[in-house]
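Trainee: Structure below; questions to follow.
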Amino acid sequence: MIITRLVGGLGNQMFQYAAGRRLADRLGAKLKLDLSPLHREGNRQYGLDRFNIRAPVTRYLAMDFYECRPDAALRPWIIRRYGAIIRSLYVVMKEPVDMSLSNEVLQTRRRHTILSGFWQSERYFLDDAEAIRQDLTLKVPPIGQNKDLMSVIAQVNAVSLHVRRGDYAHNPQANAFHGMCSLEYYQKAVARIAAHMPAPHFFIFSDDPEWSRQNLRLSHPATFVTHNGADHAFEDLRLMSRCRHHIIANSSFSWWGAWLAAPPGGLVVAPARWYAASTIDTANLLPPAWIRL
């Protein structure tokens with residue numbers, strides 16, 4: 001069995017699922033999702049239940065059992081009994097500290113593995129891409145405004161544009177690590193898209209729609225998508241994926257909106273600098289065909 005630990009928001013969970021799914025498919029093993037890190041975070045919710053994924057979830061603390069963590073809030077006899085079993089069966093594969101590509105994960109033959117990391121590269125699952133795309137379709141069809149917007153998107157030269165602010169803007173620690181895309185980046189990206197296609201129509205998605213309205217002044221048709229909210233972010237993701245072209249933020253959420261695009265092959269513009277922190281290796285984060293600005 002492959003156990004992949006879920007942390008972070010929806011986009012991060014999708015990366016973690018995809019890496020685990022590919023490894024399980026390659027080795028002919030079952031996949032299970034460990035939700036215990038999400039419960040520790042407190043401010044994050046499990047987001048993959050809306051998708052056609054092929055993996056049950058568990059709330060048991062895989063790494064606590066493996067490492068006999070003293071803060072695990074488990075009775076010592078439970079750790080002794082089940083920790084010994086897990087340690088005898090499983091190997092833990094942790095992502096490198098600088099988030100560089102792990103050849104160990106790509107090449108392992110261990111059918112009993114715990115994956116602990118973000119795994120933000122399509123190289124972890126590109127050879128299983130068709131299955132991943134199918135798994136990450138939503139279970140229910142769009143209704144109401146989302147159905148209407150999908151119809152509009154299908155009739156125009158649609159470009160999704162994602163502005164990620166949230167804690168990037170308001171949390172100094174998050175800002176120091178992630179940074180934010182500048183207005184200059186969006187201006188250059190819009191110009192790049194407009195230079196390569198006739199009559200683009202921009203669909204703007206953001207966790208700070210008011211800031212986006214005030215600051216993004218486009219000389220092209222634009223629709224601000226604001227009706228879904230955080231609880232229905234998966235609907236925004238589906239709408240993004242229906243656009244032909246994409247301008248993404250330094251965000252795993254819009255990364256997936258572009259990667260899941262149907263049909264694929266449109267222009268994708270992405271920020272060349274993904275993290276403000278210089279210690280993170282992003283050489284494999286963006287697919288080669290995407291344009292870095």
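Trainee: Those residues that are surrounded by 11 or more Cβ atoms within 10 Å (Cβ to Cβ) and in contact with a strand residue (DSSP E or B) (Cβ under 9 Å, 6 or more places away or on another chain), I need them from the range 114-144; list them, please. So that I can check it myself, show each step before the final result.
Mentor: Here is the first cut: in the range 114-144, the ones surrounded by 11 or more Cβ atoms within 10 Å (Cβ to Cβ) are 114-129, 131-138, 142.
If the condition is that a residue be surrounded by 11 or more Cβ atoms within 10 Å (Cβ to Cβ) and in contact with a strand residue (DSSP E or B) (Cβ under 9 Å, 6 or more places away or on another chain), then Ile114, Leu115, Ser116, Gly117, Trp119, Asp135, Leu136, Thr137, Leu138 are the ones that fit.
Trainee: Can you tell me which residue in the range 85-120 is farthest from Leu31 (Cα to Cα), limited to those that are assigned to a strand (DSSP E or B) and without any contact (Cβ under 8 Å) to a residue 24 or more places away in the chain? Show your work before the answer.
Mentor: First, pick out the residues of the range 85-120 that are assigned to a strand (DSSP E or B): 91-94, 113-116.
With without any contact (Cβ under 8 Å) to a residue 24 or more places away in the chain added as a condition, the list becomes 91, 94.
On the way: Val91: 15, Lys94: 17 Å.
Out of the qualifying residues, it is Lys94.
Trainee: Does any residue of the range 198-212 turn out to be among the aliphatic types (A, V, I, L, M) and under 14 Å from His245 (Cα atoms)?
Mentor: Filtering the range 198-212 for residues among the aliphatic types (A, V, I, L, M) gives 199, 204.
Next, from what is left, pick out any that are under 14 Å from His245 (Cα atoms): 199, 204.
There is at least one residue in the range 198-212 that is among the aliphatic types (A, V, I, L, M) and under 14 Å from His245 (Cα atoms).
Trainee: Determine if the range 141-154 includes at least one residue that is without any contact (Cβ under 8 Å) to a residue 12 or more places away in the chain, within 17 Å of Ala262 (Cβ to Cβ) and not in a helix (DSSP H, G or I). Give the steps one after another, and end with the answer.
Mentor: Quick first cut of the range 141-154, residues without any contact (Cβ under 8 Å) to a residue 12 or more places away in the chain only: 141, 143-144, 147-148, 151.
Right, trim to within 17 Å of Ala262 (Cβ to Cβ) and you get 141, 147, 151.
Subsequent filtering for residues that are not in a helix (DSSP H, G or I) retains 141.
Checked against the condition, which is being without any contact (Cβ under 8 Å) to a residue 12 or more places away in the chain, within 17 Å of Ala262 (Cβ to Cβ) and not in a helix (DSSP H, G or I), the range 141-154 yields at least one hit.
Trainee: Scan the range 1-57 for residues that are over 19 Å from Ser251 (Cβ atoms), of a type in the set (D, E, K, R) and not in a helix (DSSP H, G or I) and jot them down.
Mentor: Arg5, Lys30, Lys32, Asp34, Arg54
Read-outs: derived from the displayed coordinates by stated rules, not from any lab. Just so it is clear, the structure is predicted and the values come from calculations on it, not from any experiment. A quick note on method: Cβ atoms are made from the backbone with ideal geometry, for glycine too, and the neighbour counts reach across all protein chains shown.
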